[in-house]
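Before any comments, here is the structure.
Every read-out reported here was derived from the displayed coordinates using simple, explicitly stated rules and does not represent laboratory data. Because the structure is predicted, anything quoted here is derived from the model rather than measured. Note that each Cβ is placed from the backbone with ideal geometry, even for glycine, and that neighbours are counted across all protein chains shown.
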Amino acid sequence: MYFVYILECSDGTLYTGITSDLERRIKEHNSSKLGAKYTKIRRPVELVYSKKYTNRSEALIEEARIKKINQREKIELIKKSLKS
């Protein structure tokens, strides 16, 4: 099982990633040296979106798609997920 996720950083920016352990990864982003370089200087981060995928390949494709869309579209994706 893999997760594609979006974090909102303390400066209001959004970060997209992929992981097989969502809870561990959020903790890493917020408190360890294993967090992404981008999020280390923008702590704390908050999980605002996640979606489960059965395999890594599908998750990577979705992560790449989300990274290519603009911030407004990402916000719409987040809002849409909150409604469902």
task: Go through (1) in contact (Cβ under 8 Å) with a residue 40 or more places away in the chain; (2) within 12 Å of Leu7 (Cα to Cα); (3) not in a helix (DSSP H, G or I) one by one and return the number of the condition Lys51 breaks.
output: (2)
- line: The correct count of residues that are part of a loop (DSSP other than H, G, I, E, B) and out of contact with any helix residue (DSSP H, G or I) (no Cβ under 8 Å at 6 or more places or on another chain) in region 34-48 is 2
field: Positions within region 20-37 being surrounded by fewer than 19 Cβ atoms within 10 Å (Cβ to Cβ) and not basic (Lys, Arg), in sequence order
entry: Ser20, Asp21, Leu22, Glu23, Glu28, Asn30, Ser31, Ser32, Leu34, Ala36
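Looking only at region 38-48, how many residues end up being of a type in the set (Val, Ile, Thr), farther than 16 Å from Phe3 by Cα and buried (at least 16 other Cβ atoms within 10 Å of the Cβ)?
Within region 38-48, the first condition is being of a type in the set (Val, Ile, Thr), and the residues that meet it are 39, 41, 45, 48.
So of that shortlist, the ones also farther than 16 Å from Phe3 by Cα come out as 39, 41, 45.
Those left that are additionally buried (at least 16 other Cβ atoms within 10 Å of the Cβ): 39, 45.
The number of residues fulfilling the criteria is 2.
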field: region 15-31: number of residues that are touching a Leu at 6+ places or on another chain (Cβ under 7 Å) and over 11 Å from Lys52 (Cα atoms)
entry: 4
- prompt: Between residues in region 8-34 that are free of Cβ contacts under 8 Å to residues at least 12 places away in the same chain and residues that are assigned to a helix (DSSP H, G or I) and of a type outside the set (Ser, Thr, Tyr), which pairs lie under 6 Å by C-beta distance while being six or more apart or on different chains?
  reply: Leu34/Glu28
statement: With criteria (1) assigned to a strand (DSSP E or B); (2) small (Gly, Ala, Ser); (3) at positive phi, Gly12 comes up short on (1)
